[in-house]
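Structure record follows, encoded as structure tokens.
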Amino acid sequence: MKLTTTKRDHATLRRLANRGAVDLARVEKTAARIVADVRKKGDRALLRYARKFDGTAGKTFRISEAEISDSWQQVSPQFRHALETASRNIRRFCEWQRPQEWIREVQSGVKLGQLVRPIESVGCYVPGGRHPLPSTLLMTVIPAQIAGVRRIAVTSPRPAPETLAAAAMLGVKEFYGIGGAQAIAALAYGTRTIPKVAKIVGPGNAFVTAAKKLVAFDCAIDMLAGPTEVAIVSDDGNAAFIAADLVAQAEHDRDALAIFITSNEKLAKKVVDECGRQSAANTTARESLKRNGYAIVTSSPEESMRIANLLAPEHITVSSERELDQIESAGSVFVGDYSPQAVGDYASGPNHVLPTGGSAHFRGGLSVNDFVKLITVQEFSAKGLQTIAREVTTLAEAEGLVAHAQSISVRVSA
């Protein structure tokens, strides 16, 4: 982990602030070839890639409902309890998030409002590379269920019993044991076996992200998620606690970004030392911190928060509620010494599918809102139309849209 200061190292700050989304250049050609192949040849291409990349041995990649159901008994009672607790908390948070329908009479004869309708179908991508990620299944499926999505399809390469157990608990019936760009292509364009969906959500590796980028004009996506990011802003925190969060997020990926921001240089050095100690036996975290770990010493707490907002990190920890008012761009905020970021990864309730690469400047994390459509409603009586007819006619005529103006006058003169 590198120790640097805002006074001396402007180049590092500029590079971090302008890091952008995940670099897809090295995989885009391959992903494009796979997507085009699946789009053209359907199941034949999909099965070939499933056998090559996902280890599918048979003639199908559909996980049977019986296999999903049986997986619930394959996991320990302790794991089942953990799934149930996490699910309950996520579901409750999603209920709080759900947007409401409303219609209001803004004046006599004029009613305005919005309808909330679920997206018809979604595909939830659950990574299954080095580690099973049943938590991601919870984080993508539950908000879709709360939104009322009628068809939820899950794809995951080589799904572990833990992931299938999570699917069983949630009542998922459509599950495909495929991953990578081929899974994204199948969900986006459909095959004989896999009907296409309206939207694809969930994180994945560079090939998955590249494929989502490629299909984004044909099928809605949530976001282009890159490697995990963690930022912690503190001037008087517990060095062991701070390092623990940095190491925890760094173990996700060798490309993960871990940043500690402080105006306390002594604390910065302690955190650097603690990170080295705590990551000594964790190969991935150790390499990640070596490559992308930074302790940034600033001139003041105010500068620390300015830099944090400039970075717009996926996860950020601040010392107290006082800093919440200063947060402008972040995926999820954790407050105080006893709010480890791992609780958000698993069980507290808020979603762990979060914006990376600075995209927190313009969007938040996955939520129920990603699975619904807001449809506006307008209702005018004859009297209500009279109150706005002159202004609409004036604007329509200014734009040269005479039929628009006529659609008003034919009513008010009737």
Rounded percent of accessible protein surface that carbon and sulfur make up, the stretch 88-240, 1.4 Å probe: 52 percent
Neighbour-limited loop hits for GluC sites (Glu not before Pro), the stretch 9-115 (at most 14 other Cβ within 10 Å; DSSP other than H, G, I, E, B): 101
Net charge over other residues, Cβ less than 13 angstrom from the Cβ of residue 385 (K, R count +1; D, E count -1): +2
Table column - 3J(HN,Hα) (Hz), the stretch 268-280, Karplus curve with 6.51, -1.76, 1.60, x for Gly and Pro: 4, 5, 5, 5, 4, 5, 5, 4, x, 5, 6, 9, 4
Where the chain is the region considered: accessible area per residue in Å², 1.4 Å probe: 49 Å²
Amide H contacts under 5 Å for residue 336, placed H, 5+ residues apart: 318, 319, 320
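Write out the trypsin sites (Lys or Arg not before Pro) in the stretch 1-105 meeting two conditions: DSSP loop, and at most 16 other Cβ atoms within 10 Å of their Cβ.
Details: sites: 2, 7, 8, 14, 15, 19, 26, 29, 33, 39, 40, 41, 44, 48, 51, 52, 59, 62, 80, 88, 91, 92, 104; in loops: 7, 8, 19, 59.
Listed in order of number, the matching sites are 7, 8, 59.
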Charge dipole of the stretch 163-311 about the Cα centre (unit charges at C-beta), most positive-ward option of 230, 170, 281: 170
Computed magnitude of the charge dipole of the chain (debye, nearest 20; Cβ of K, R +1, Cβ of D, E -1): 1620 debye
Largest to smallest accessible area among 53, 334 [probe 1.4 Å]: 53, 334
Which of 109, 87, 66, positive extreme of dipole for the stretch 60-115 (C-beta unit charges): 109
Karplus-derived 3J(HN,Hα), 6.51/-1.76/1.60, for each residue of the stretch 215-230, Hz, glycine and proline x: 8, 4, 8, 10, 9, 5, 10, 7, 6, 9, 8, x, x, 4, 10, 9
Total formal charge among the other residues, if their Cβ is under 13 angstrom from that of residue 220, Lys/Arg +1 and Asp/Glu -1: +1
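Quickly rank 218-225, 354-361, 300-307 as a protection proxy: mean count of other C-beta atoms within 10 Å, highest first. Intermediate results must be reported in sequence, preceding the final value.
Details: 218-225: 20.0, 354-361: 22.6, 300-307: 17.2.
Going by the mean number of other Cβ atoms within 10 Å, highest first, we get 354-361, 218-225, 300-307.
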DSSP-defined beta bridges in the chain - what % are antiparallel, rounded to 5: 30 percent
Under 5 Å, built H, 5+ apart or other chain: amide partners of residue 295: 2, 3, 4, 260
Cα-based reach from residue 266 at 30 Å (exclusive), listing lysines while leaving out same-chain residues under 8 positions away: 2, 7, 290
Dipole magnitude of the stretch 301-410, debye to nearest 20 (Cβ charges: Lys/Arg +1, Asp/Glu -1, about Cα centre): 460 debye
Cβ-based charge dipole, the stretch 308-364, positive-most Cα from 358, 332, 342: 358
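Placing +1 at every Lys and Arg Cβ and -1 at every Asp and Glu Cβ, with all other atoms neutral, what dipole size does the stretch 1-140 have around its Cα centre, in debye to the nearest 20? Intermediate values should be presented prior to the final figure.
Working: 27 positive and 14 negative charges, 176 e Å.
So the dipole magnitude of the stretch 1-140 works out to roughly 840 debye.
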Estimated inter-spin distance, residue 291 and residue 398, nm [label 7 Å along Cα→Cβ]: 5.5 nm
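Apply the a/c threshold of 1.5 to the C-alpha gyration tensor of the chain and tell me whether it is rounded, prolate or oblate. Provide the component values of the computation, followed by the final result.
Values: a/c = 1.86, a/b = 1.23, b/c = 1.51.
In terms of gyration-tensor shape, oblate.
Net charge within 14 Å of residue 329 by Cβ-Cβ distance, Lys/Arg positive one each and Asp/Glu negative one each, not counting residue 329 itself? If you can, show how the numbers build up before the last one.
On the way: positive: 19, 306, 363; negative: 229, 314, 323, 325, 328.
In short, -2.
The values are calculated or read from the model by the stated rules, or taken from the named source; none is laboratory data. All values derive from a computational prediction rather than experimental measurement. Please note: Cβ atoms are built from the backbone with ideal geometry, for glycine as well, and neighbour counts cover all protein chains shown. These area figures cover heavy atoms from the full protein model, side chains too; ligands, DNA and RNA do not enter into them. Shrake-Rupley method; radii C 1.70, N 1.55, O 1.52, S 1.80 Å.
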